[in-house]
Every structure is written in structure tokens, then in C-alpha cells.
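Laboratory data are not the source of any read-out in this text; all were calculated from the coordinates shown. This is a predicted model, so every value here is computed, not measured. Cβ placement follows ideal geometry from the backbone for every residue including glycine, while neighbour counts extend to all protein chains displayed.
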Amino acid sequence: MDNENCVIYGLEFQARALTPQLAETEKIGFLIGTQSLKQTNNQIHLIEFNEEISTLKTSVFHHSEGEIWKITSSPTDPLKIATCYNALTGENGCMMKSAILKLPESENHDTIENLEIVTKFDFSTLGTDIKTTEFHPNETSTAASLTDTHLVLWDISESEGRAVSNIALEGKNNPKFTNGKWNPHQNCNQFSTATETHIKTYDIRSGELAWNIDNAHCQYIRDMDYNMNKLYHLATCGDDGFLKIWDYRQPSLPIFSRSDHSHWIWCVRFNPFHDQLILTASSDARVLLSSAASVSSENISETLITEDREGLDSKQTLKDGPLQWCEHEDSVYCVEWSPAEPWIFASLSYDGRLLISHVKKSLKYQILL
């Protein structure tokens, strides 16, 4: 597929951090964080897409604290975001930090504003490499941060984040966390981590390991995503170029596995409404939209109550595998679905190029009809 149906937005600086405005369900909004080596040049771009006339409205804010490696948005407040960034220290060194920022409520297109820092975190005893800060799916005063060696639960109701609990990673050969995400099921009491090639999920109430998948990939796991519509299903991707879907009650083998990229896969995302659709972004400069219909919540063979299939064979079901793709000119580190429109997604490549794309109409009708 070429990019003829995409809307392109170019940034002045390199970028690898992208998030949708999760709490914004009326407008299609995405946020980008830049990675300029000159710390004070870094910016956050808010991109709003008007689907009817295919136009973009942009707002730009200063992020002078440092180059942004990860950006996440609050699922309850459209104005709150968290960034993980590399900041200069007084000794001409660098240190990873994280903070929660707030976008201004009123628009001012005459000047580029600095974002207000509403919550700071002290990581001085918790590890040197901050991987992510993730807002709790339901509780507005709770967030979790992952460093290379600690999972930290924060109370974010004040301007200084207060560590409520701290889970240290233990194991032989000094293992490291690489990424993490809340489990939206199980009353949101579990936080899953990628620990090199393993998945470890902790019960945040007790700090104990709830479940794990050992050697889920043969190389580093880069990302994971939960199926919002199907309990126990988790997608993973990594440096081995594989996309895998797991039922974590049966961790010995994935229930779905494909290797359609030619390099590392950095990001995986289930469509939150139609979970047979799944996006992957790779440093082969491609974004793939694939079907995992055989393990989705809309799988006919699983949802049939009786053996009588009369009348169902006329419905053409999606076959597993790639459905469409987008071409970038550099490594693609992020791809995200829009929470406001289930058929639109955005992808960001390292050269600062954002593509906003549509699921093809033929696929859309095949799913809906």
C-alpha cells in the first residue's frame, strides 16, 4: 500500500514518542514529543485531525527539560500527560527523569507556551533509566513508573509524587525492566512488565508476582498491549521480529504468532473496538495492520453456541495476516489508534514524520457488515 490515503505532518526535530489523547473522545488528538540534542529546543505537539475535511490543527508547547523518550496521556483528564526525558545535570552529564505536565486550557497561537509541571518524581534511589510513567486506568491520583530495576507506585495528588510502594526486580545476572503497562482487567490491580525476554506481572496490592511468561521472545521484548475485549489476552513484540498473542493462563506457547517484519518490532496495539485488528511498528520503516481474527472476540468458531453454521458461511471472515501497510523513510517507534474514531491510527518515524491513516473501507465494511 502506498500512503495516498494518509495525512502527513512533519516536525523540525527527530521524534520517537507518541500517544493518543485517551480521555478525548470527541476529537481525534495525538501528542508527539521531540528528541533534539539541544535540550531547550524540545517540544510537544498536539495534533488534532478533522476527518471530514482531512485537515490538521496543531498546537506546539516547549518541553525545555530535555529530550523526550516516552509520552503517555491520562485516560481521565485530556489535559494531563506524563513524559520520560533525558535531562542535563550540573556536571555536564545526563539523567533520565519523569514528570506529569498539564496542557493549557485556553489556546494561544501567538506564543509557544511552556507546559506546567504538576507533579515531579524523585528517582534518586530507584534506578537510573526511567522506561515509562503510566497513569492508572481508573484512579486519578495513582500512577506507576518503571525504571530499569524498580516498579514504583505513586500518589500523584500533590506537586511532589509520593512513592506508595516499590517493587525491586530480583534475579540472576542483574535483569532489567524494558517496558510496562497496566492490566485493564482484574480490577486494574496488576501491572505487567517486560523484563528482557520475559513477561512478569505483579499484583500491586501485595507486591507479589501474579503470573509470568518466561522466554516469551528469544530477544528483548519491546512492547506489549492488552486486548480490551478479551480477558487474559496479551500481545507482545520484540527484537526477534515476532508479533505474539498470549493467553497468559497457558504461558507455554502463544496462541498466535507471526513474523511479517524484517527488523525489530517496537510497538504493538490492539484496536480497542475491533480486536481482530492489530497494529505493529518496526525499524524496517513499516507499519503493518494485521488481522488476528482467529483469536479475537469476534471469532465465529468460538462464539457459536450450536454446531449449526447455516447462514454463517456467507459472511466472509478476515484471514489472519497483514491487511495493509504504511511506508515511512526511517524507523517507526510508535503507532497508536485514535480513541475517538476506531478506523484511524497514527504512526511516527524517527525522522519526525507523522502519518495519520485510515483502515481501508473494504476492510471496514467486511468487519461491520
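Here the Gaussian network model covers the chain, with springs between Cα atoms less than 10 Å apart; of LEU79, LEU354, LEU288, LEU79 fluctuates the most.
Relative protection proxy for 335-344, 33-42, from highest mean packing down: 335-344, 33-42 (other beta-carbon atoms within 10 angstrom). When you count the other C-beta atoms within 10 angstrom of each residue and take the mean per peptide, 204-216, 150-162 line up highest first as 150-162, 204-216.
Quick check on the chain: helices-only [θ] at 222 nm, where DSSP H runs of length 4 and up contribute -39,500 (n - 2.57) each and the sum goes over total residues. Nearest 500, please. Calculated mean residue ellipticity at 222 nm is -500 deg cm²/dmol.
About its Cα centre, the dipole of the chain is roughly 520 debye, where the only charges are +1 on Lys and Arg Cβ and -1 on Asp and Glu Cβ.
The residue among LEU231, ALA340, ASN42 whose Cα reaches farthest toward the positive pole of the charge dipole of the chain, with charges on the beta-carbon of Lys, Arg, Asp and Glu, is LEU231.
Across ARG249, ARG16, ARG258, mean-square fluctuation computed from a Gaussian network of the chain (C-alpha pairs under 10 Å connected) peaks at ARG249.
Of all DSSP-defined beta bridges confined to the range 7-368, some 95% are antiparallel rather than parallel. Here's the picture: charge each Lys and Arg Cβ at +1 and each Asp and Glu Cβ at -1 in the range 7-368, and of PRO254, SER64, ALA292 the one pushed furthest to the positive end of that dipole is PRO254. Across the range 7-368, the volume of the C-alpha convex hull divided among the residues equals 146 Å³ per residue.
I want the local charge near SER338. Using Cβ-Cβ distances under 10 Å, sum +1 for each Lys or Arg and -1 for each Asp or Glu among the other residues. Around SER338, the charge tally is -3. Can you find, among CYS84, MET95, HIS150, the residue farthest towards the positive end of the dipole of the chain? Put +1 on the C-beta of Lys and Arg, -1 on that of Asp and Glu. The listed residue farthest towards the positive side: HIS150.
Over all Cα atoms in the range 322-369, the spread is summed up by Rg and Dmax: 12.0, 39 Å. Relative protection proxy for 236-245, 52-61, from highest mean packing down: 236-245, 52-61 (other beta-carbon atoms within 10 angstrom). Of the residues THR76, THR132, THR201, the one that moves most in a GNM of the chain with alpha-carbon contacts below 10 Å is THR76.
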